[in-house]
Amino acid sequence: MIRETRLVENFLDMVKISSPSKDERAMGDYLIKVLEEIGLEVKEDNAGELNGGNCGNIIGILKAPGKKRLLFSAHMDTVVPCEKVIPVVENGIVKSDGTSILGGDDKGGIASIIEMLRVIKENNLEHPEIVVVFSIAEEVGLLGSKSFDIDSYKVDFGFILDSSGKPGKIVTKAPSAARGTIKIIGKPAHAGISPESGINALTVAAHAITKIKLGRIDLETTSNIGLVSGGQATNIVMPSVVLDYEARSLSNEKLNYLLEETFETFKVVCKEFGAKIEWNIKVEYPGFALEDNEEVIEIVKIACKKLGIASETVSSGGGSDTNIYNSKGIPCVNLAVGMSKVHTLEEYIEIKDLVDLSKILIEIIKG
Ligand SMILES: [Zn+2]
């Protein structure tokens, strides 16, 4: 039923369309046309306006009154460099020419959804009600899914296609993450004439850093300071320093506890030195952890079994639109697309994986 040539051609067409975050217009227009041609009712929401982009989330609906409603979603935006992607097909693998990313993240997911829809129509397959969402600005903070009014579509559960790894891998847990800056404000002074009248912000930060938890904290929790910036010259006691900090945990409670503990430590150390602190850390997205017996997981496992594809449930270390939809009360899993080395110039995807994922989707809708 799957037409591999059509699937690959569609994928190649899409990776050639430049679609950095908040600049998905060309991609959105392409998808509106494709979905309308297949016969879906197509809408675009106002997520673009809300987030300073030029395109909203593209939504396609394939009606089946009275049946279950399933969400299938993948994101339209890609990381840079994604201008003028030249895909190269070699030995069953699609990669870029080495000067850009490929964009299999997440156009591999989109291609599989489109192939699923075409197969349904072409073969007159019985299907549940299908809501397709191609989201914007996933790579810059899950902005499209955050703005998407999923409640009004009343979906029962969803399948997000946005994980690396072989099709059959089902992400059922992902962390919540907090991110932002910690600014330590000391006091400038001439480093040679009157260093004792200054407060070196870096010294304060260093003391605090030796007392907080960083790196892998437990199996579910990590934290990191990834960037440090401050200072003016060697002869000035450093007046302020900014630490870019993030923390993640599969447990929302553990994350909140870690953030409180870290903030408290910084406050105490700042007080000791007479420095001030500006704490600007926010929870960027909530985590999710589905129970193993959730229907949405069972459906994927059964689909894989019918196809002889091995399935496994895993927890992820990163966030995706899946986090947002789960937090809005829709049980959703994130399925592996086959994309590899994403966010690098070496990104590639195996054609067999695109085909396998499309087959899994078709089995899912057959139920
Ligand atoms: Zn992605």
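Within region 36-92, restricting attention to residues that are of a type in the set (S, T, N, Q) and more than 21 Å from ASP13 (Cα to Cα), the residue that is nearest to the ligand (Cβ to nearest atom) is ASN51.
If you filter region 102-141 down to residues that are within 11 Å of the ligand (Cβ to nearest atom), surrounded by 24 or more Cβ atoms within 10 Å (Cβ to Cβ) and not in a helix (DSSP H, G or I), you find that the one that is modelled with the lowest pLDDT is GLY103. The set of residues in region 229-285 being among the aromatic types (Phe, Trp, Tyr) and closer than 21 Å to ALA201 by Cα consists of TYR245, PHE263, PHE266, PHE273, TRP279.
Among the residues of region 16-28, are any in the same structural domain as SER145 (by TED's automatic domain parsing) and more than 21 Å from SER145 (Cα to Cα)? Taking every residue of region 16-28 in turn, at least one turns out to be in the same structural domain as SER145 (by TED's automatic domain parsing) and more than 21 Å from SER145 (Cα to Cα). Residue pairs whose Cβ atoms lie under 6 Å apart, sitting 6 or more positions apart in sequence or on different chains, and linking a residue in region 157-168 that is at positive phi to a partner that is open to solvent by 10 Å² or more (accessible area, probe 1.4 Å), are GLY168/ILE309; GLY168/ALA310; GLY168/SER311. Being over 16 Å from ASN200 (Cα atoms), outside the structural domain of GLU138 (by TED's automatic domain parsing) and either β-branched (Val, Ile, Thr) or open to solvent by less than 90 Å² (accessible area, probe 1.4 Å) (or both): is that true of ILE299 here? The answer is no for ILE299.
Only one entry in ILE297, ILE281 is more than 17 Å from SER176 (Cβ to Cβ) and of a type outside the set (D, E, K, R), namely ILE297. Flag: ASN57 does not match the condition of being of a type in the set (S, T, N, Q), surrounded by fewer than 23 Cβ atoms within 10 Å (Cβ to Cβ) and modelled with pLDDT of 95 or more. Any residue in region 85-106 that's over 14 Å from THR344 (Cα atoms): show its pairings with residues that are of a type in the set (Lys, Arg) at Cβ separation under 6 Å, as long as the two are six or more apart or on different chains. Listed by first residue and then by second, the contacts come to VAL88/LYS95. Take the residues in region 298-325 that are assigned to a loop (DSSP other than H, G, I, E, B) and at pLDDT 95 or above; name whichever of them is farthest from LEU143 (Cα to Cα). Looking at the filtered set, the residue picked out is GLY308.
Counting only residues that are more than 15 Å from LYS107 (Cα to Cα), buried (at least 16 other Cβ atoms within 10 Å of the Cβ) and within 15 Å of the ligand (Cβ to nearest atom), region 314-326 holds 6 of them. Whether any residue in region 338-355 is among the acidic types (Asp, Glu), touching a helix residue (DSSP H, G or I) at 6+ places or on another chain (Cβ under 7 Å) and not in a loop (DSSP other than H, G, I, E, B) is what I want to check. No, because not a single residue in region 338-355 is among the acidic types (Asp, Glu), touching a helix residue (DSSP H, G or I) at 6+ places or on another chain (Cβ under 7 Å) and not in a loop (DSSP other than H, G, I, E, B). As a summary of the residue check, LYS305 satisfies the conditions (1) under 27 Å from LYS146 (Cα atoms); (2) open to solvent by 70 Å² or more (accessible area, probe 1.4 Å) except for the one numbered (1). Going by the conditions given, is GLU284 open to solvent by 60 Å² or more (accessible area, probe 1.4 Å) and charged (D, E, K, R)? No.
Residues that are polar (S, T, N, Q) and within 16 Å of the ligand (Cβ to nearest atom) were ranked within region 327-367; the one that is least open to solvent (accessible area, probe 1.4 Å) is ASN334.
Of all the listed residues (ASN252, ASN235), the sole one being open to solvent by 50 Å² or more (accessible area, probe 1.4 Å) and either of a type in the set (Gly, Ala, Ser) or more than 21 Å from the chain's Cα centre (by Cα) (or both) is ASN235. For region 269-297, the tally of residues that are touching a residue at least 24 places away in the same chain (Cβ under 8 Å) and assigned to a helix (DSSP H, G or I) stands at 7.
The values are calculated or read from the model by the stated rules, or taken from the named source; none is laboratory data. Predicted, not measured: the structure shown is a model, and the values here were computed from it. All Cβ positions, glycine included, derive from the backbone under ideal geometry; neighbour counts span all protein chains shown. Surface areas here come from the heavy atoms of the whole protein model, side chains and all, with no ligands, DNA or RNA. Shrake-Rupley method; radii C 1.70, N 1.55, O 1.52, S 1.80 Å.
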